[in-house]
Each structure stands twice: as structure tokens, then as C-alpha cells.
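Here is the structure we will look at.
The values are calculated or read from the model by the stated rules, or taken from the named source; none is laboratory data. Keep in mind the model is a prediction, meaning the values are calculated, not measured. All Cβ positions, glycine included, derive from the backbone under ideal geometry; neighbour counts span all protein chains shown.
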Amino acid sequence: EDQVTQSPEALRLQEGESSSLNCSYTVSGLRGLFWYRQDPGKGPEFLFTLYSAGEEKEKERLKATLTKKESFLHITAPKPEDSATYLCAVLKYALNFGKGTSLLVTP
Amino acid sequence: EAQVTQNPRYLITVTGKKLTVTCSQNMNHEYMSWYRQDPGLGLRQIYYSMNVEVTDKGDVPEGYKVSRKEKRNFPLILESPSPNQTSLYFCASSLVRGRLEGYTFGSGTRLTVV
């Protein structure tokens, strides 16, 4: 059965304290891995798509990487405005989401 | 502005009273989908549509109906809502099943069934 597991469930960081979020998956025939950001009460906002192992993408303080079994979202020197829930999703026939990592960055 | 529009944003209804949540996109996307989001369960797909008149069940379709008569609209119908359908609902659209570009989501509809 296809599964997407995100860890940790919640993460609290001090402003400037870099860290990584993990998304592990067991999907055969992966067509893409997506990262989204979701603010409370709002729809997920697209961040990145990764297509194959070894690929990396960056956007401001965020960097996403992909291996054959997992993806990492690295956050460098986070700011309070980076606080949100980060969702990972894998695409096979439809988007299959993990349960997300809730990130809180304190000043 | 390219967007997915859902209405209403908030809805409180009573058990058994039929309701429709509308979803419209202006990006000429073929693929549209409905998800529900519940604490501890994440986003789960209810129904999806590959194109006009083509719909299929997702992971949690029980108690829901959809229709796709026009490319831009994909309403979600609850014929007889029950309290376990209280949830946050999202509509999403994409070019042909994601096209590796990511789905665009609406702002959500928070439904409470009492």
C-alpha cells in the first residue's frame, strides 16, 4: 500500500535555528513529489515539485531534496513568518498527502 | 488572477438537509478534485474528475456526489449530511492529473453538520 509519512509531527525552532523536515514514502511508479505550505484555515500553497532522485530545488530559505525513499525540506535561518504546516504529497494517480509537520518559529 | 474559488467559506447545517458546495476554476484545467481535511487524518481525496463528464471515486467517497457538466465547475453535493461530514473541504485543480506542476487549491469550506 502506498504510504507517505512525515516527521516530526511538530517542530519548534528559534529564529535563525536551521532544521529539516522529513517525508518518507513507499510508492511504486512515483510521478512526482510535492511540497506545500498551509497556513491555518487556508488552502495549501504550492512550494516545490521534485521528479527524480538527486533533484534539489530552492526558494528563499527553503530547499527541497529527493532520494528514492524520502524527501527533505531544509529550512535555513527560519523567521517567524515561516511558521506554518508543511505538507508533502506524492503523485501516482492522484496526490496522496502526508499528515504534515507543524512548524513554529519563535523570535 | 488564476484561482480556484469555493463557496461558501463557512456553512452550518442540520443533519439530512441537502447542500452543495461550489467550486470554480479559471485556468482551463482538465483535472479537478475534492479533498477533506480532518485533524490527525490529513488531506483525503473524496472525488476527482479527469474532464467534463468524467468523474471517479477517491479514498473517502461515501456520502458525497459530484458532477462535471462544465470544465470550470465541479460542485460537491451532500444529499443527506451527517455529523461525521463536519470537516474542512478543499477543491483543487490541475492540468491533466497534476502535470507535475502541482495542484492549485481553493481557500476551503468549513462545514459543520449538527
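Within the stretch B:44-72, which residues are aliphatic (A, V, I, L, M) and in a strand (DSSP E or B)? Write out each step before concluding.
To start, the set of residues in the stretch B:44-72 that are aliphatic (A, V, I, L, M) comprises B:46, B:50, B:52, B:54, B:60, B:66.
Hits for the stretch B:44-72 are B:Ile46, B:Met50, B:Val54, B:Val66.
I'd like the full set of residues that are of a type in the set (S, T, N, Q), in a strand (DSSP E or B) and more than 10 Å from chain A (Cβ to nearest Cβ), limited to the stretch B:1-18. Walk me through it before giving the result.
Within the stretch B:1-18, the subset of a type in the set (S, T, N, Q) is B:3, B:5-7, B:13, B:15.
Imposing the further condition that a residue be in a strand (DSSP E or B) reduces the set to B:5-7, B:13.
Residues satisfying the conditions are B:Thr5, B:Asn7, B:Thr13.
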- Note on the structure: Quick count over the stretch B:73-99, residues being more than 13 Å from the chain's Cα centre (by Cα) and assigned to a loop (DSSP other than H, G, I, E, B), is 10
- Test set (1) within 22 Å of A:Pro107 (Cβ to Cβ); (2) outside any strand (DSSP E or B) - A:Leu13 fails condition number: (2)
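Would you please name the residue that is farthest from the other protein chains (Cβ to nearest Cβ), looking only at residues in the stretch B:19-43 that are of a type in the set (A, V, I, L, M, F, W, C) and part of a strand (DSSP E or B)?
Filtering the stretch B:19-43 for residues of a type in the set (A, V, I, L, M, F, W, C) gives B:19, B:21, B:23, B:27, B:32, B:34, B:41, B:43.
If we keep only those that are part of a strand (DSSP E or B) too, we end up with B:19, B:21, B:23, B:32, B:34, B:43.
Values: B:Leu19: 20, B:Val21: 14, B:Cys23: 11, B:Met32: 11, B:Trp34: 11, B:Leu43: 4 Å.
Residue satisfying both the conditions and the ranking: B:Leu19.
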- Task: Could you please find all residues in the stretch A:21-41 being at negative phi and exposed (fewer than 15 other Cβ atoms within 10 Å of the Cβ)?
- Result: A:Thr26, A:Ser28, A:Asp39, A:Pro40
- Kindly indicate whether B:Tyr10 is farther than 15 Å from B:Ala92 by Cα, of a type in the set (Phe, Trp, Tyr) and surrounded by fewer than 13 Cβ atoms within 10 Å (Cβ to Cβ). yes
- Sort out which residues of the stretch B:44-58 are over 14 Å from B:Leu76 (Cβ atoms) and away from chain A (no Cβ under 11 Å), and write them in order of number. B:Asn51, B:Val52, B:Glu53, B:Val54
- Item | Search result, residues across the stretch B:78-114 that are modelled with pLDDT of 95 or more, exposed (fewer than 15 other Cβ atoms within 10 Å of the Cβ) and touching a Ser or Thr at 6+ places or on another chain (Cβ under 9 Å) | B:Ser80, B:Ser82, B:Pro83, B:Thr112, B:Val114
- Would you call A:Tyr93 within 14 Å of another protein chain (Cβ to nearest Cβ), aromatic (Phe, Trp, Tyr) and out of contact with any strand residue (DSSP E or B) (no Cβ under 8 Å at 6 or more places or on another chain)? yes
- Query: Which residue pairs have Cβ atoms under 8 Å apart, sit 6 or more places apart or on different chains, and have a first residue in the stretch B:1-13 that is touching a residue at least 40 places away in the same chain (Cβ under 8 Å) and farther than 8 Å from B:Gln25 by Cα and a second that is of a type outside the set (Lys, Arg) and loosely packed, with under 10 Cβ neighbours inside 10 Å?
  - Reply: B:Ile12/B:Val114; B:Thr13/B:Val114
- Starting from residues that are among the small types (Gly, Ala, Ser) and crowded, with 21+ Cβ neighbours inside 10 Å, keep the ones in the stretch A:61-90 and report whichever is farthest from the other protein chains (Cβ to nearest Cβ). A:Ser71
- Task: Could you give me the residue pairs with C-beta distances under 6 Å whose first residue belongs to the stretch A:30-44 and is touching a residue at least 12 places away in the same chain (Cβ under 8 Å) and within 15 Å of A:Glu70 (Cβ to Cβ), whose second residue is assigned to a loop (DSSP other than H, G, I, E, B) and not charged (D, E, K, R) wherever it lies, and which are 6+ apart or on separate chains?
- Result: A:Gly32/A:Tyr51; A:Gly32/B:Leu100; A:Phe34/B:Gly102
